[in-house]
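Here the structure is laid out as structure tokens; the discussion comes afterwards.
The values are calculated or read from the model by the stated rules, or taken from the named source; none is laboratory data. Source: prediction; values computed, not measured. Every residue, glycine as well, gets a Cβ built from its backbone with ideal geometry; the counts of neighbours run over all protein chains shown. For the accessible areas, the whole protein counts, side chains as well, though only heavy atoms, and no ligand, DNA or RNA atoms are used. Shrake-Rupley method; radii C 1.70, N 1.55, O 1.52, S 1.80 Å.
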Amino acid sequence: MDKILVIDYGSQYNELIVRRVRDFGVYALLIDNKFDLNSFNKDEIKGIILSGGPNSVNDSSSPKINSDIFSFNVPILGICYGMQALANYFGGEVKENAVKEYGNTSITYDESLLFEGVKKENTVFMSHSDTVIKLPNEFKKIASTKMCKNAAMECREKNIYALQFHPEVNDTLEGKTIISNFLFKICKVLKNWSIENWIEDKVKEIKEFVKDQKVLLGISGGVDSSVCALLIHKAIGDQLYPLFINHGLLRENEENLVLDSFKNKFNIKVYYKDASKLFLNLLKGVTSPEKKRKIIGKTFIDVFKEEASNMKDVSILAQGTLYTDVVESGKGGNSKVIKSHHNVGGLPKELGFKLLEPLNELYKDEVRELGRKLGLDDSFVSRQPFPGPGLAIRIIGNITKKKLMIVRKADVIYQEEIKKAGLDKKIWQYFAVLTNTKTVGVMGDNRTYLYTVALRAVDSIDGMTARAYPIPFDVLERISARIVNEVPYVNKVVYDITSKPPSTIEFE
Ligand code: XMP
């Protein structure tokens, strides 16, 4: 399979670069600047993209060009910091601009293979304070803006191109065409990334990795772990031991639904462990979101270990970790840690198991496509994501049985009303949150001082970015009325309208 490597210099947009490339049917991978050359099959690598990043190349500690990239002998495209790092490497000069250029800017493109089919006068998204003020020898300018004379450069002989702006961001009007030109006109890469090819490769890889060992997989009933179970089951059959641990933070009646569907729909034997008492005891009084995640992650591993010791010969732990979990937990390279997703952040170093994470190169929508290809029905595959730490991160502050009851009941009403309004297929993810805020209300003729429930509903493709979904006001009013009437200890309902970024989807 042809591959494009994206070198991670720490930009928050670098996963978007990977996305854009994969959307063209080309496999892309985000890797650390200090990658191991031997871990790649050189024949597969058809191009390299250097991402943006928050540093200045003039700082001695900032990441510099790793000269190993040239040993692939493939075209290179630098973006933002990537352009500055290239200029610095080849003897140009980079300097801080007096004024930061941030946001949409008019640009004029010159002749270049990179800009074929793109309008000469255009709009791009800029986000930089350093600028290439002197081009390296052999490089020529191929675009400019009012504030930035060298907004793009190229050296055809070396097959190196660079952009000061971000083609991966939608605000760059013809950014996708520029990326497509790099892929197909310059790298001449083949569109051979597809889920079918991927399944074939992965099944082979899993078989080779597992051999005759037993694999323990924690399942939650969510799409990720279910797809993971089906994929591994396809490769190794009953050598897979799916273990469903009830951590006491599930939605209403969820454990029964999960057990039923695995048994009846997929005919896969599931081992069930109710550990809710242990989890809730350990979480008593804990308010920090990161601490909650770490405790849940660690306890999962402890329970897994204990269960595994009762299951003979289990030596591999499988997890449905996705690419977004890896990247957002800061394990994909240089990106900042946003949240330690429990399935990554909570893993102790001395695990005692080998780890199998067959989905860790895929985005959520790719996992859904994989699920469909593996025979899951659409209603299951398009279920909303539910986070590993469950309701623990939908109850702000400390967790109690009473609060769990409140958030469960509110969530059931929310789900029912959204379904009744015919919106359940349209909204990517929606759920109720119990805020830690109490407000004054009036019920009957009495003053109340009770909790506020927040409703969240978002539209998203892969969870990396999201927009609040505009639920019609009359539907919101109905949900609000039912929640304050039917759920004890609640007298106010609010609706969250922030997008991600700057917010996140969950509240913790
Ligand atoms: P955030 O809140 O990070 O959520 O914008 C993005 C997507 O990830 C889910 N999420 C998690 N999933 N473990 C998970 O397995 C976690 O710790 C976790 N935190 C958030 C969230 O529901 C959303 O779909």
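Tabulated data for the structure shown
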item: Mean Cα-pair separation over length for segment 394-496, i.e. relative contact order, pairs under 8 Å, 6 or more apart, %; result: 29
item: Other-chain or far-sequence residues with amide H under 5 Å of residue 359's (modelled H); result: 321
item: Share of carbon and sulfur in the accessible heavy-atom surface of segment 3-186 [1.4 Å probe, %]; result: 45
item: Segment 136-235: GluC sites (Glu not before Pro) falling in loop per DSSP and having at most 14 other Cβ within 10 Å; result: 138, 157
item: Amide H contacts of residue 78 (H built 1.01 Å from N, under 5 Å, at least 5 apart or other chain); result: 50, 161, 162, 163
item: The chain: angle of helix 473-486 to the longest principal axis, Cα-based, in degrees nearest 10; result: 40
item: Beta bridge orientation in the chain: antiparallel %, DSSP, nearest 5; result: 50
item: Hz values of 3J(HN,Hα) by residue in segment 31-41 - Karplus curve (6.51, -1.76, 1.60), Gly and Pro given as x; result: 10, 5, 4, 9, 6, 9, 4, 6, 7, 10, 8
item: Rough spin-label spacing in nm, given labels placed 7 Å along Cα→Cβ, for residue 61 and residue 440; result: 5.1
item: Exceeding the 22 Å Cα-Cα cut-off - candidates 402/500; 265/305; 140/185; 373/420; 214/373; result: 402/500; 265/305; 373/420; 214/373
item: Links that overshoot a 26 Å alpha carbon limit, given the list 364/492; 277/364; 234/354; result: 364/492; 277/364
item: Loop-located trypsin sites (Lys or Arg not before Pro) in segment 175-261, at most 12 other Cβ atoms within 10 Å (DSSP); result: 188, 191, 211
item: Residue-normalised accessible area of the chain, given per residue in Å² at a 1.4 Å probe; result: 44
item: Angle between the chain longest axis and helix 364-373 axis [Cα atoms, degrees, rounded to 10]; result: 70
item: Surface share of carbon and sulfur [accessible, 1.4 angstrom probe, percent] for segment 202-381; result: 49
item: Rounded FRET efficiency, nearest 0.05, which uses the C-beta distance separating residue 213 from residue 302 and R0 of 22 Å; result: 0.55
item: Sparse-neighbourhood loop sites, trypsin sites (Lys or Arg not before Pro) in segment 393-495 - DSSP loop, at most 15 other Cβ within 10 angstrom; result: 425, 426
item: Principal-axis tilt of helix 14-23 within the chain, Cα atoms, nearest 10 degrees; result: 90
